[in-house]
Amino acid sequence: MDKEKEIKEAKAAAVEVLLRLDEALKSLKDASSMSVWDMLGGGSFFSVIKRKHMQEANLSIKEASIYLKCLNEELDDIGMKLPKEISDTMSDNVMDIYFDNIFTDIRVAGEIKEKLDELKSFRTSIENLIIKLDAELDEIKEC
């Protein structure tokens, strides 16, 4: 297969990963905002909305992982991994929504912040990969 085509396919997959990471970051930022209101005594209403945003973030992370697999097939030696999903088990939902308390709210807020940091870092890695792929495409075109 021609190298230029492989690089273009890898770049396309990387761009798709980036788009899904942006969706996940937006959902986590929204969850983080709701988390603040929840800790300030917002009650179950904010817990439910926060959990909805966390579920959306997890869905975007799953979608990003599909495109990352495509990317890995194109560049099998890049060695990148997506962060693990945010905990969203039934017991987490019950504790966060029905037994709404400051301790659970603080724990969940910490998880959200941790995942935001991980996703931002991973997003930067994907951006750098796209820059590198663009540079390789430019080299091919110059030859």
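Here, each number is a calculation from the coordinates, and none is a lab measurement. Just so you know, these numbers come straight off a predicted model, no measurement behind them. We place every Cβ from the backbone using ideal geometry, glycine too, and count neighbours over all the protein chains shown.
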Sparse-neighbourhood loop hits (trypsin sites (Lys or Arg not before Pro), region 1-81; DSSP loop; Cβ within 10 Å at most 12 others) -> Lys81
Rounded FRET efficiency, nearest 0.05, which uses the C-beta distance separating Ile140 from Lys113 and R0 of 41 Å: 0.50
Here the net charge surrounding Glu127, from other residues whose Cβ is less than 14 Å away from its Cβ (Lys, Arg +1; Asp, Glu -1), is +2
The rounded separation in angstrom of the Cα centers of region 125-143 and region 36-60 is 39
How far apart, in nm, are the 7 Å Cα→Cβ label points at Lys29 and Leu59? 2.0
For region 1-71, what is the number of Lys pairs with C-alpha distance below 16 angstrom, counting only pairs 8 or more positions apart or on separate chains? 9
